[in-house]
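J.: Pasting a structure here, questions to come.
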2 protein chains.
Amino acid sequence: MKEVAEVAGVSVTTVSRYFNDPDSVKSATRSKVAEVVQEMGFAPNRIARNFRTGSTGIIVVVVSGIGDPFFTDVMEGINRVASELSYMILIKEADAHPVAKDELTNFILSKQSDGIILLGARSPFSDSLKNSRVIPPIVICCEAVVPGLESLPAVRIDNLAAGKDATKHLLQLGHQKIACIGGQEGSILTREREMGFREAMKEAGLKVNEAWVAPGSLSIEGGRKATRRILKMGGKPTAIFCTNDEMALGAYAEIAAAGLRIPDDISIMGYDNTRYAEVMTPPLTTIAQPAQEIGEHGLYLLCSLIQGQQITNPLEIVSHKLVVRDSTAPLRG
Amino acid sequence: MKEVAEVAGVSVTTVSRYFNDPDSVKSATRSKVAEVVQEMGFAPNRIARNFRTGSTGIIVVVVSGIGDPFFTDVMEGINRVASELSYMILIKEADAHPVAKDELTNFILSKQSDGIILLGARSPFSDSLKNSRVIPPIVICCEAVVPGLESLPAVRIDNLAAGKDATKHLLQLGHQKIACIGGQEGSILTREREMGFREAMKEAGLKVNEAWVAPGSLSIEGGRKATRRILKMGGKPTAIFCTNDEMALGAYAEIAAAGLRIPDDISIMGYDNTRYAEVMTPPLTTIAQPAQEIGEHGLYLLCSLIQGQQITNPLEIVSHKLVVRDSTAPLRG
DNA sequence: TCAAAAAATGGTAACGTTTGCATTTTTTTT
DNA sequence: AAAAAAAATGCAAACGTTACCATTTTTTGA
């Protein structure tokens, strides 16, 4: 920059202003600087700038399981708002490895990003975050709480009510022998969905068969394993509630392998309404989350946080919707 | 840091060393500093450090279409090597918007990351990159060339040969009326696959029906549209070669909607062998790319580049494999 | 025990910007 | 045309760290 200034015959200050507030330099000067910049192929060192200003214009989205198509939709919402507010979005896959946690914690603590959105990630940080004197701007999407950082603002649907709605749909079709495939152990998200399932069953006066409640790790493979286990049990269920669509895909595969047909022999209920739900054979009945909206609200919330505004409403609940397709049918006989 | 140094009764240099090369400070001093750091909840400002050292330890993967499950697999490979070499991986969705291109170009040009992996992204940079005096370390995975930056090192499979193999498989089953769903217009990747298709047809002495060659944008929706178009044409094909698995999913949905059955009425061939291929009904015959391997090699290559090594072999071809499942069957009657 | 070698620590100048304040130039007003 | 106001520009001090070199302390060897 000094070099540019010299060649253009102005001061570094002016060159700096040329980049940050072009209107404040006279148009004659501006074009002179522009010319030199062009010619020298000069780009200002953003690290130095970030260092000086203390902000980067970068927001990191920490995702656990970047492959989940539901998160892809949330990301779309985030990206839309990001370009509106001219933030740059970078995605980081959450890593349970302690070293990786340290690394990420250090990353935000040292202000390498202006803020963080946690997308279904439970606790990607090390303890040093809690011990820190200031907590950086963080917003949680979809997952409820980070242990040790309970008061962070969050955006999500009412998973309990949605889990209940999903189950009720199956009950209304006459199903009583219903299985439920949940998520990982520690996930609050899927535990709430499962609790919705239990509540709905209870209200219907039915007992939950614990052998039919299996954890599924939110992946296709998890769904497969859980389904296999459930199908092996005596007295097969007539419906399975999968607490996300990926696991429903796994269930489809296992059910086909077992020679059963959906929905004739067994009804399948999903959760998330990913882009795959519609094209599965048969199309999947599921709970639709307003994924993009979650992303949008999440980023807006984060920006208020970054600007130092007080968040009056730390938990924002958006509405879900039951989408009935062909994977669920009335109980036969 | 100055504050820590004062409280601990040492110099800032020592505190700096405590963080970067703990072995070089006496254990007594080390524990003294550690104590103060702990107590004050101090974390070194990484921006300042990056600024000073000129490197960040961050590698950005630029992906076009982050939702594609194939890329997820490549990412897995990248992440594995990254933790081995202790790099931090951040993902950036490629954006065709000119402002976004500028932003990204500026990002790398100003050394905010140590290197870039381009994952199926065609040209996410603005022209200022080409005009720059130094090109930063960039490696291309899966896509062949970035216009204007022709000599960048790349890792991918032989898409021409793989497209040919896929088509040959269909030919061997007796199919002759074969459709082909390609990718976006400018994509070299899918054009090569399509060319493989054409070559195989030519070698078999068959003429390609141009009405059955449709672009598909590599998405489920693109696959749907293309399939719909093809099915509407007179004289239905007996097989469709989709140049990625996502589009095959779209094809499945449209074929089901048309009341046809796979593979009885029509065979479907995919490309990528994503995790969905196996659980589709019926399971999809496809070309397997060694996705994780591509990611691993890509990152290794990038690291050599970062370390300033000369790349002797700028194009690394890894091997593909035909995976036969149930979506393709011999031509009936 | 002393000299020499090695290890540990400290002082200070960068790194490339931005920013507050001072100064100069231009424009406006009377 | 001069004075006042406004707009442009420049100067120099930060920002928090690291790296070179110098200095002090500790260890080693005779």
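The values are calculated or read from the model by the stated rules, or taken from the named source; none is laboratory data. Keep in mind that this is a model prediction, so the values were computed, not measured. Every residue, glycine as well, gets a Cβ built from its backbone with ideal geometry; the counts of neighbours run over all protein chains shown.
J.: For segment A:34-61, what are the residues that are near DNA strand C (Cβ under 10 Å from one of its atoms) and more than 7 Å from chain B (Cβ to nearest Cβ)?
T.: A:Phe42, A:Arg49, A:Arg52, A:Thr53, A:Gly54, A:Ser55
J.: For a quick check of your reading of the model, give me the residue pairs whose first member lies in segment A:1-26 and is away from chain B (no Cβ under 14 Å), whose second is acidic (Asp, Glu) and more than 8 Å from DNA strand C (Cβ to nearest atom), with beta-carbon atoms closer than 8 Å and at least 6 apart or on different chains.
T.: Close Cβ pairs satisfying both conditions: A:Ala8/A:Glu35.
J.: Just for segment A:15-27: of the residues that are part of a helix (DSSP H, G or I) and more than 9 Å from DNA strand C (Cβ to nearest atom), which one is surrounded by the most Cβ atoms within 10 Å (Cβ to Cβ)?
T.: Only one residue tops the list, namely A:Pro22.
J.: Next up: Report every pair of residues separated by at least 6 positions or lying on different chains whose Cβ atoms are under 8 Å apart, first residue within segment B:105-118 and within 7 Å of another protein chain (Cβ to nearest Cβ), second part of a helix (DSSP H, G or I) and modelled with pLDDT under 90.
T.: Cβ pairs passing all conditions: B:Asn106/B:Ser128; B:Leu109/B:Ser128; B:Leu109/B:Leu129.
J.: Which pairs do you get when a residue that is in contact (Cβ under 8 Å) with a residue 24 or more places away in the chain, found in segment A:300-321, comes within reach of a residue that is loosely packed, with under 13 Cβ neighbours inside 10 Å, reach meaning Cβ atoms under 7 angstrom, with the pair 6+ apart or on two chains?
T.: Cβ pairs passing all conditions: A:Pro314/A:Ser151.
J.: Considering segment B:41-60 alone, what residues qualify as being small (Gly, Ala, Ser), over 14 Å from B:Ser86 (Cβ atoms) and under 30 Å from the mean Cα position of the chain (by Cα)?
T.: Within segment B:41-60, the first condition is being small (Gly, Ala, Ser), and the residues that meet it are B:41, B:43, B:48, B:54-55, B:57.
Narrowing further to those that are over 14 Å from B:Ser86 (Cβ atoms): B:41, B:43, B:48, B:54.
If the condition is that a residue be small (Gly, Ala, Ser), over 14 Å from B:Ser86 (Cβ atoms) and under 30 Å from the mean Cα position of the chain (by Cα), then B:Gly54 is the only one that fits.
J.: Tell me which residues, restricted to segment A:115-145, are within 17 Å of A:Ile311 (Cα to Cα) and not hydrophobic (A, V, I, L, M, F, W, C).
T.: A:Gly115, A:Pro136, A:Pro137
J.: Of the residues A:Gly270, A:Gly295, only one is closer than 25 Å to A:Ile240 by Cβ and touching a residue at least 40 places away in the same chain (Cβ under 8 Å); which?
T.: A:Gly270
J.: Quick one: how many residues across segment B:35-64 are of a type outside the set (Asp, Glu), at pLDDT below 90 and either within 30 Å of B:Thr274 (Cα to Cα) or away from DNA strand D (no atom under 11 Å from the Cβ) (or both)?
T.: Number of matching residues: 3.
J.: Please specify each residue of segment A:85-101 satisfying the condition of being of a type outside the set (A, V, I, L, M), more than 9 Å from chain B (Cβ to nearest Cβ) and surrounded by fewer than 22 Cβ atoms within 10 Å (Cβ to Cβ).
T.: Listed by number, the residues that qualify are A:Pro98, A:Lys101.
J.: Right, another one. Do we find a residue being more than 27 Å from A:Ala100 (Cα to Cα) and away from chain A (no Cβ under 14 Å) anywhere in segment B:122-129?
T.: Within segment B:122-129, one or more residues are more than 27 Å from A:Ala100 (Cα to Cα) and away from chain A (no Cβ under 14 Å).
J.: Go through (1) at the interface with chain A (Cβ under 9 Å from one of its Cβ atoms); (2) touching a strand residue (DSSP E or B) at 6+ places or on another chain (Cβ under 6 Å); (3) not polar (S, T, N, Q) and name the single condition B:Ala82 misses.
T.: Here B:Ala82 clears every test but (1).
J.: Checking A:Lys232 against (1) under 30 Å from B:Tyr276 (Cβ atoms); (2) more than 26 Å from the chain's Cα centre (by Cα); (3) crowded, with 16+ Cβ neighbours inside 10 Å, which single condition isn't satisfied?
T.: (3)
To keep it simple, each residue is scored yes or no on (1) more than 8 Å from DNA strand D (Cβ to nearest atom); (2) in the same structural domain as B:Ala100 (by TED's automatic domain parsing); (3) under 21 Å from B:Gly115 (Cβ atoms).
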site	(1), (2), (3)
B:Glu6	yes, no, no
B:Gly9	yes, no, no
B:Val12	no, no, no
B:Arg17	no, no, no
B:Asn20	no, no, no
B:Arg30	yes, no, no
B:Val33	yes, no, no
B:Gly67	yes, yes, no
